[in-house]
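Each reported figure results from applying straightforward, stated rules to the coordinates on display, with no laboratory input. Since the model is a prediction, treat every value here as computed from it, not as a measurement. Heads up, the Cβs are rebuilt from the backbone with ideal geometry, glycines too, and the neighbour counts pull from every protein chain shown.
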Amino acid sequence: MSEVGFYYPSGSTIGVAASVGYYVATAGATAQTPADAGYYVSTVGASAQTQATAGYYVATTGATEQTPADAGYYVSTAGATAETAAALGYYIGTTGASSTAAQVAASVGYYVASPGASAQTQAAAGYYVAATGATAQTQATVGYYVPTTGATAQTPADAGYYVSTAGATAATQA
């Protein structure tokens with residue numbers, strides 16, 4: 001008697017349970033079928049494949065498990081074959097993110113210069129970031145300086161001091 005989850009190779013009358021990563025959906029089948037990309041099969045003798053859930057993806061055929069989205073990425077649909085990078089100016093610090101809402105805008109004083117970031121980058125001394133969601137830090141202009149990292153604004157040189165170069169971290173006494 002044939003049944004789903006088992007196949008009968010080369011006309012054999014003895015059924016072989018489908019391997020992990022494979023399934024047999026039809027009774028009497030002569031071969032097992034690998035799980036499609038976007039799906040997986042984690043048990044022996046499966047009669048169906050399982051769709052990857054949001055937050056996970058399956059990039060290859062014959063997979064035995066789904067893969068969580070990496071930090072810096074998200075997967076918003078079930079059955080996905082790839083993850084999507086967080087946008088410029090945003091980051092995702094955890095794995096398994098399942099929507100664009102998982103993206104966090106870079107804070108003031110920080111920026112995210114590349115897609116797929118898992119963390120924001122603090123502005124260097126001599127630079128500042130005044131707005132959230134920044135994709136770059138801004139260099140202090142002539143006449144201003146930024147003495148610390150993570151600054152949200154540049155500081156004008158006080159009376160009796162000057163700053164003659166961009167990106168300065170201190171003012172010079174006149």
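Tabulated data
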| quantity | calculated |
| --- | --- |
| Region 66-103 and region 140-174: distance between their alpha carbon centers, rounded to Å | 39 Å |
| Most fluctuating residue given options G96, G79, G15, as computed from a GNM of the chain linking Cα atoms under 10 Å | G15 |
| Cα-based Rg / Dmax (Å) for region 14-139 | 20.6, 75 |
| Listed residues A25, A113, A86, most fluctuating in the chain (Gaussian network, C-alpha, under 10 Å) | A25 |
| Karplus 3J(HN,Hα) series, Hz, for region 59-74 with 6.51 cos²θ - 1.76 cosθ + 1.60 (x for Gly, Pro) | 8, 10, 7, x, 6, 9, 7, 8, 10, x, 4, 5, 4, x, 9, 9 |
| Fewest-first ranking of E3, E83, E65, using other Cβ atoms within 10 Å as the exposure measure | E3, E65, E83 |
| Net lengthening on full extension, T132/A82 (0.36 nm per residue, minus Cα-Cα) | 15.2 nm |
| GNM top mover of Y127, Y144, Y23 - the chain, alpha-carbon springs below 10 Å | Y144 |
| Neighbour-count order for V44, V4, V75, fewest beta carbons within 10 angstrom listed first | V44, V4, V75 |
